[in-house]
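The values are calculated or read from the model by the stated rules, or taken from the named source; none is laboratory data. Since we're looking at a predicted model, the values are computed, not measured. In this analysis, Cβ positions are derived from the backbone assuming ideal geometry, glycine residues included, and neighbour counts consider all displayed protein chains.
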Amino acid sequence: MMSLPKLQISEKVKDIPEALSIYMNTLVYNMRRRGESVTTLSLGEAYFDIPRFDFNGIDFTKGYHYSESQGLPELRVKIADYYNRVYGAQIDADKNVIISAGSKPLIFMAMQAVLNPGDEVLVHEPAWLSYPEEAKLADAIPRYIPYDCEPESFEAYFSEKTRMLILNNPNNPAGRVYTKEQLRHVYEATRKRGIYLMLDEAYSDFLVDEEFVSISKVVADLDGVIIVNSLSKNLGISGWRIGYLISTPEVIFSVLKLNQHLITCASTVLLMYIAKYFDQLIEITVPQAKAVTQKRQDIGTYIDEIGLKKLEGSATFYFFISIGNYSRSSLEFAMYLLMKYKIAVVPGSAYGESTDRFIRVGIGVESIENLKSALNTISKVITADEYDESFVQNKLTEMGVKPFCASHKESINEANV
């Protein structure tokens, strides 16, 4: 029988890792299916109490079909009005807003729209783990600004090839909030060099005692600015996969063309539902977002009381906690914590080159009692420098799961050994 040539996998795809947060949560789902109880501090969402609004008023016949690729006009109006009313922006729903199936593809499409191969994308650490990988997929080169670098010093990391700087405001995972003055300084530094400033504002409602400053208020005409947000975090409907992008008409049109070819449109029936109930959803979920952030403050006090160290931040529902002098990597720490104590966190190595000595702890799902118990265990494992490699490996083998690999290429090589 004639042997067939080996089919290839893209080198570009081989070189990107799995999303480490999703890898950790996949382990959680696996363990739960096996009947194990897991304290889940790894999920990137908060659970809200959202009423089941009536679907009877939704035109399902229309919902069975495509809708406008730029997004349902009624929902674009709602989003623009919300930004203008709450954040002091001057956004036009027709010229400045596009809606698609989540913010992840919109970030990628924005990169595709404004970057050329070899351009550099700067991200301020700790940075959401998909930014650098999406930059690579867009044939750009990710570069990192260390977490302890203040915005006033970002320019030291600019190069002639820098064409985009990404900030997550408020920040996932540290909870940092950039001030109006910092945003203006960074914008002026990027704009004069022809660098796009992308702001991921996905946690814009998760603040309590301070005002969220959107870059749309700082730069009213949006020149050189790309804003990405979604309904996943603020409205607590991550499973519906609806995100939006705000920018100049030129950028919107460029992203629209990509959206037409890649997505077509977000789910029509869900867009109709949210457009109809947008105001009610906001009224119900914003207070809950603030309550979660207040819960964050209470847990932050407890973290300090038991001697754990964390990066400073006041927003979102995450903490970025130091593992101090623990002798292993943050990935090894997280894997041991999950396998031995059934506590799921995300390794800090997922969020940049300077962040391996941290773990991300999410407080949006578990009770305060469970959170405190988990934090006590985390402190104990760090202090005792606990680790058992064979135990972790045996548990993974028992579950039929491969260890996390930094790239698909590595996992292929392991499979071929």
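General remarks:
- Scanning region 45-75 for residues that are in contact with a Phe, Trp or Tyr (Cβ under 8 Å, 6 or more places away or on another chain) and either buried (at least 18 other Cβ atoms within 10 Å of the Cβ) or part of a helix (DSSP H, G or I) (or both) yields A46, I58, G71, L75.
- Exactly one residue among V86, V77 is over 23 Å from the mean Cα position of the chain (by Cα), in the same structural domain as L207 (by TED's automatic domain parsing) and of a type in the set (A, V, I, L, M), and that residue is V77.
- Taken together, the residues in region 345-371 that are aliphatic (A, V, I, L, M), surrounded by fewer than 24 Cβ atoms within 10 Å (Cβ to Cβ) and part of a loop (DSSP other than H, G, I, E, B) amount to 1.
- Extreme residue, farthest from the chain's Cα centre (by Cα), among residues of region 22-38 that are part of a helix (DSSP H, G or I) and among the aliphatic types (A, V, I, L, M): M31
- Of residues in region 5-21 being assigned to a loop (DSSP other than H, G, I, E, B) and either among the β-branched types (V, I, T) or loosely packed, with under 15 Cβ neighbours inside 10 Å (or both), the one farthest from the chain's Cα centre (by Cα): P5
- Some residue of region 231-249 being surrounded by fewer than 19 Cβ atoms within 10 Å (Cβ to Cβ), in the same structural domain as L106 (by TED's automatic domain parsing) and closer than 25 Å to Q182 by Cβ: yes
- Of the listed requirements (1) under 29 Å from S42 (Cα atoms); (2) of a type in the set (A, V, I, L, M, F, W, C); (3) surrounded by fewer than 21 Cβ atoms within 10 Å (Cβ to Cβ); (4) over 15 Å from the mean Cα position of the chain (by Cα), F158 misses just one: (1).
- Those helices (runs of 4 or more DSSP H) of region 211-315 in which 3 or more residues are in contact (Cβ under 8 Å) with a residue 24 or more places away in the chain and within 20 Å of G102 (Cα to Cα) occupy 249-262, 268-305.
- Residues in region 259-289 that are within 22 Å of the chain's Cα centre (by Cα) and under 14 Å from D49 (Cβ atoms): L281, T285, V286, P287, Q288, A289.
- Some residue of region 81-93 being under 19 Å from L197 (Cα atoms), surrounded by 19 or more Cβ atoms within 10 Å (Cβ to Cβ) and in contact with a Gly (Cβ under 9 Å, 6 or more places away or on another chain): no
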